[in-house]
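Chemist: This is the structure I want to talk about, given as structure tokens.
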Amino acid sequence: PILFQEYSEDLLASFTGKAVIANSWATWCPFCVDELPDFATVQKELGEEVVILAINRKESKEENSQFLCELGIKNDLVYVLDIEDKFFNDVRGLAMPQTIFVDREGNTQFQKQGFMTLEEIKQRAQEIL
């Protein structure tokens, strides 16, 4: 089974001291689906140096579980359910996917609206380490 956390406003703060990448995604977003495996690759490469949160927008645990299993990344990231879509609204998201890069002190260093390549994810991840 896939472990899911529920989104809360203090979720990012709970990782202070670690570099965090938070990606807002949904199963209906083709660009989100394309980049999720790349986030999993970066998580595997960087290990404990970074926490990558895959924050799902408004979809059920069942929808997420089935989809992540089909993608073959069911245990690779920290999966967060955001039924009320608070994260996307908190970061003033306009387009999907939406990704923020947070340094170890809890400061957002970069925010990207739209698709990211594996190379861009790796580059931005290095900037917050």
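Chemist: Give me the one-decimal nm value for the distance between modelled label points at SER8 and LYS112, 7 Å along each residue's Cα-to-Cβ direction.
Modeler: About 3.0 nm separates the two model spin labels.
Chemist: Here is a further query. State the number of lysine pairs found in the stretch 2-103 whose Cα atoms come within less than 25 Å, restricting to pairs 8 or more positions apart or on distinct chains.
Modeler: Summing the qualifying lysine pairs gives 10.
Chemist: Once you treat every alpha carbon in the chain as an equal point and sum by Debye, what is log10 I(q)/I(0) at q = 0.09, 0.11, 0.17, 0.20 Å⁻¹?
Modeler: Debye intensities relative to I(0), on a log10 scale: -0.21, -0.32, -0.81, -1.19.
Chemist: Which value in nm describes the separation of the simple spin-label points at ASP103 and LYS86, placed 7 Å from the Cα toward the beta carbon?
Modeler: Inter-label distance under the simple model: 2.7 nm.
Chemist: Then there is this: Considering only DSSP states other than H, G, I, E and B, which chymotrypsin sites (Phe, Trp or Tyr not before Pro) in the stretch 38-90 qualify as loop sites with at most 12 other Cβ atoms within 10 Å?
Modeler: Nothing satisfies the criteria.
Chemist: Do any trypsin sites (Lys or Arg not before Pro) in the stretch 50-86 lie in a DSSP loop with no more than 13 other beta carbon atoms within 10 Å, and if so, which?
Modeler: Answer in residue order: LYS58.
Chemist: Among all cysteines in the chain, which have no other cysteine Cβ under 4.7 Å from their own Cβ?
Modeler: CYS69
Chemist: On to the next question. Under a 1.4 Å probe, what is the accessible area of the chain per residue, stated in Å²?
Modeler: Ligands and nucleic acids excluded, the result is 51 Å² per residue.
Chemist: Let's test the formula: R0 of 35 Å, r as the Cβ-Cβ distance of TRP28 and GLN126. What FRET efficiency results, to the nearest 0.05?
Modeler: Given R0 = 35 Å and the Cβ-Cβ separation, E is 0.70.
Chemist: Would you mind telling me the share, in percent, of accessible area of the chain contributed by carbon and sulfur at probe 1.4 angstrom?
Modeler: Ligands and nucleic acids excluded, carbon and sulfur give 49 percent.
Chemist: Provide the net charge surrounding LEU129, with neighbours chosen by a C-beta distance below 15 Å and charges set as Lys +1, Arg +1, Asp -1, Glu -1.
Modeler: Its environment carries a net charge of -2.
Chemist: Relative to the present Cα-Cα distance, how much length would full extension add between GLU63 and GLU48 at 0.36 nm per residue of separation?
Modeler: 2.6 nm
Chemist: Can you pull out the GluC sites (Glu not before Pro) in the stretch 45-129 that DSSP calls coil and that have at most 13 other Cβ atoms within 10 Å?
Modeler: Within the stretch 45-129, the qualifying GluC sites (Glu not before Pro) (loop, at most 13 other Cβ atoms within 10 Å) are GLU84, GLU105.
Chemist: Under 9 Å from the Cβ of LEU118, count the other residues' Cβ atoms, weight Lys and Arg +1, Asp and Glu -1, and hand me the total.
Modeler: So the surrounding residues net to -3.
Chemist: What does the helix-only formula give at 222 nm for the chain: each DSSP H stretch with n ≥ 4 adding -39500 (n - 2.57), the total divided by the residues, and the result rounded to the nearest 500 deg cm²/dmol?
Modeler: -10500 deg cm²/dmol
The values are calculated or read from the model by the stated rules, or taken from the named source; none is laboratory data. Just so it is clear, the model here is predicted, and its values are computed rather than measured. Using ideal geometry, Cβ is built from the backbone for each residue, glycine included, and neighbour counts are taken over all protein chains shown. Heads up: the accessible areas ignore ligands, DNA and RNA and are worked out on the full protein's heavy atoms, side chains in. Shrake-Rupley method; radii C 1.70, N 1.55, O 1.52, S 1.80 Å.
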